[in-house]
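Quick note: the coordinates plus some simple rules give every number you see, no bench work behind them. What you see is a predicted model, and the numbers here were worked out from it, not measured in a lab. With ideal geometry, Cβ positions are generated from the backbone for all residues, glycine too; neighbour counts draw on all protein chains shown.
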Amino acid sequence: MEAAFVNLVRPGDPVVIGVNGVFGARMCDVAARCGAEVVAVEVPWGRPVEPEALLSAHPSPTIIAVVHAETSTGARSDIAPLGTGKGDALLLVDCVTSLGGIDVDIDGWGVDVAYAGTQKCLGVPPGLAPLTVNERARGRLVERSPSWYLDLRMIGRYTGPATGARVYHHTAPVSMIQSLHAGLGAVLDEGLDAAIARHEECGRALQAGLEALGCELFAAEGHRLPEGTDDAKVRSTLLDRYGIEIGGGLGEFAGRVWRIGCMGHTARPRNVTLLLGALAEVIGSP
Ligand SMILES: Cc1ncc(COP(=O)(O)O)c(C=O)c1O
């Protein structure tokens, strides 16, 4: 996220950002620290960011930015209409939680800059952030990024073609790169379409099972816990008794929402069944 903004924002640039959860808000903070004139399009948490709202927020933004899949709430926003309507702006998309789990079509949707993470649907240890910057965005890189380590011009001179002219920039985290290579190999072995179908199947099973337990889904209407449930106690009992960790709600939803990761290797039917069974028991006798 930071690498994207510190290489593209000039002080005073109008940057439109959709905010429907923690990570859209983080984008605003990062962009503001780069000197952007941030135009935040606030949306109630759990709802998608409507493309029209972003496209009409400013007459001539230099960047329109949005989170594809807001991990803090489980809400997915449509990207393709932003690519169609972005005009002269660059389209910058956070694909941290979507890459490898749902359809991501960077070029087809007209996305200029996107970053992801390894630790979500790719099922690889955390630590790397895959980043893509198309030719259009490369033509607009700032001359001198305020960040030394995240300066894409310098990194480009380091990672460029092996002509013998590479310029040392940092010590590459080779073990993480090898992990990513292995993880991507596993995705290719399974097939990207099959991996996406598996996430879909497990997500649906999890959602149906949670509703059967009396939980409401936040991304649709608001994931609220069943009345009288002790959030912290349920989560700690799940961890102690079953070794399963789920996340608590963030911000104003702390204590009222659970965030259940069903991504990467976790997205398997047996894990969904185990979690639902354990949750049923813990909610029944916390
Ligand atoms: C949508 C989204 N964006 C950004 C981030 C930040 O990633 P990291 O925690 O690896 O810095 C996360 C982390 O969960 C995320 O879910």
| Table column - 3J(HN,Hα) (Hz), the range 185-192, Karplus curve with 6.51, -1.76, 1.60, x for Gly and Pro | x, 5, 5, 5, 4, 6, x, 4
| request: At 7 Å along the Cα-to-beta-carbon direction for both ALA212 and ASP107, put a label point, then send me their distance in nm to one decimal. | output: 4.3
| field | Estimated FRET transfer efficiency (GLU37, HIS265; beta-carbon r; R0 35 Å; 0.05) | value | 0.25
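Report the local net charge at THR62: Lys and Arg +1, Asp and Glu -1, summed over other residues whose C-beta lies under 13 Å from its C-beta.
Result for the local shell: 0.
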| query | Which percent of the Cα-Cα distances in the chain go past 36 Å? | reply | 21
| How would you rank HIS199, HIS265, HIS68, HIS58, going from fewest to most other Cβ atoms within 10 Å of each one's own Cβ? | HIS265, HIS58, HIS199, HIS68
| Percent RCO, i.e. relative contact order, over the chain, from Cα pairs under 8 Å lying at least 6 residues apart | 15
| note | Note on the range 128-211: alpha-carbon gyration tensor, axes a ≥ b ≥ c; rule is a/c under 1.5 for rounded, else prolate if a/b larger than b/c, else oblate; result prolate
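What order, most packed first, do the peptides 182-191, 32-41, 143-152 have when packing is the mean number of other Cβ atoms within 10 Å of each residue? Intermediate values should be presented prior to the final figure.
Details: 182-191: 13.3, 32-41: 18.0, 143-152: 14.8.
Packing order, densest peptide first, comes out as 32-41, 143-152, 182-191.
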| query | Which percent, to the nearest 5, of DSSP beta bridges fully inside the chain are antiparallel? | reply | 30
